[in-house]
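Everything on this sheet refers to the single structure shown next.
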Amino acid sequence: MTPSNTPLRLSVTTAHDDKSISLQTPTSGSTLTPPVTPIAKELSDAERSIPSPVEEKALEQTTVQVKRNISTPLRFTDEVEICRDDEDRPVEFGRGAWSIVYKARSTLNNTTTPLHTPPSSPVTVSRVVAVKAPLRRDARKVLQAEALTLTRLNLTPGFEKHVVPFQGFLSDSDALVMSAVPLALSTYIEDHADLRKKQHSTATTFDPVQGPESWRDMARKLITGLAWLHDTAGIIHGDIKPHNVLLRRISTDEPGVDAGAFPYEPLLADFSSAFNIPTDTTLTTPDTNQASMSAFTPPFTAPELLSLASLKSGDVAPTPSSDVFSLAATLIAAATGDLLLYPGSNNMQRLAMAREGHRILEFTRAGSNGCRVPRNGFVEKLVQPAVSKDPAQRILTRDWMALASL
Ligand SMILES: Nc1ncnc2c1ncn2[C@@H]1O[C@H](COP(=O)(O)OP(=O)(O)OP(=O)(O)O)[C@@H](O)[C@H]1O
Ligand SMILES: [Mg+2]
């Protein structure tokens, strides 16, 4: 794990149970719990009428509110088995500070037969999934909270395009089952940076490592995803960085799709630091009464969350504008190919620069790949309004979307 991928955990809600990690599915599992039905009804009702903008806002708020009333995560009820390599070691897709994500296989015993066909023997359907399991006991509560967030997100219209598909929670082991999306944006960035180094071409020195069109298309998709997360789902991610964005391949052969387009759908993953945006607009801070863990990954973290006072008190919470900053930093890393953002500096120097995060473009330009973010170029124009020192001055996601579409 690279230092940039090492989050600084500030507040942890601990669970003191003593279960070991076993990945057996519950024998009598349930699928979606009762509150789901009213939501499905509410959405179809909403679709039937055409609400006015005021009604639309109210409807959006009720949908968010109803989803928040869901208090049990979707449970995973099929068989699941961790894949093993030739030496019988479990195969990992990745790991973070608190969890391991395994490659696994889920098996569904399908005994249903189509009408008018004689009954046949049960068909076994098997597919590859990703299982995120706690690495330590105090991560269990956090994964339980993440399962709830993912359940709510996966009930929010439009989720397919923006978040990693959640398949359910294994309550015996406090593990999450997700569709496998084995490419992280961090790996994509590293691969393109390596490719550029090998090419030694000066023609592309002033462009993002993946190429200008692809970067712009990717930026537009990422910003649209963040706007969806904040405005439609009512959630703050809290730890946006290239390692927490997964890439699902899409076809660029279709008519109307530019050949230089970014050939992936970027999906937000790792909701272990997520918060609900308060629906009560009189509250200025997020609902901290939830088992979430604050993860800070300098230098992707907004500077206001890294001040000494905030770090000492430990009660800092991310906000929509701190997510905006983190996504801007992610876009800069993608442009330069430097996952550490400030390569050549040590952890302490990086933390010091991250505290001065509003100067991120200046610091980037002083680095070895700074030429990829030229002054007044399209990268700077898109990123600058998202990194203002004062969080209140940072661009709102909906305005950012418009800027990215120009
Ligand atoms: N659905 C998935 N399919 C394939 N790989 C995944 C999936 N989800 C996560 N991964 C991989 O596992 C890594 C760790 O997952 P995740 O970020 O959710 O864990 P974490 O412990 O919360 O991490 P962090 O230390 O960033 O808080 C990811 O960076 C990614 O490479
Ligand atoms: Mg992560």
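The values are calculated or read from the model by the stated rules, or taken from the named source; none is laboratory data. Values in this document were obtained by computation on a predicted structure and should not be read as measured data. Every residue, glycine among them, receives a Cβ derived from its backbone with ideal geometry; neighbour counts consider all protein chains shown. To get the accessible areas, we keep the full protein, side chains included, count just its heavy atoms, and leave off ligands, DNA and RNA. Shrake-Rupley method; radii C 1.70, N 1.55, O 1.52, S 1.80 Å.
A few remarks follow.
- Fully extending the segment from residue 179 to residue 381 would add 69.2 nm, taking 0.36 nm per residue of separation and subtracting the current Cα-Cα distance.
- Inter-label distance for residue 371 and residue 204, nm, one decimal - labels placed 7 Å from Cα along Cα-to-Cβ: 1.5
- Counting 0.36 nm for each residue step from residue 95 to residue 402 and taking away their Cα separation leaves a gain of 107.0 nm.
- Each of 196, 248, 95 has its accessible area taken with a 1.4 Å probe; listed largest first, they run 95, 248, 196.
- Modelled FRET efficiency - R0 56 Å, residue 307 with residue 172, Cβ distances, 0.05 increments: 0.85
- Over 21 Å between alpha carbons, listed pairs 241/312; 161/241; 221/381; 221/241; 141/241; 103/221: 241/312; 141/241; 103/221
- Sorting 74-83, 366-375 by average packing, meaning the other beta carbons within 10 Å per residue, from highest down gives 74-83, 366-375.
- Compared with the alpha-carbon gap, the fully stretched path from residue 126 to residue 83 is longer by 14.3 nm at 0.36 nm per residue.
- Spacing of the two label points (7 Å from each Cα toward its C-beta) at residue 187 and residue 137, in nm: 3.3
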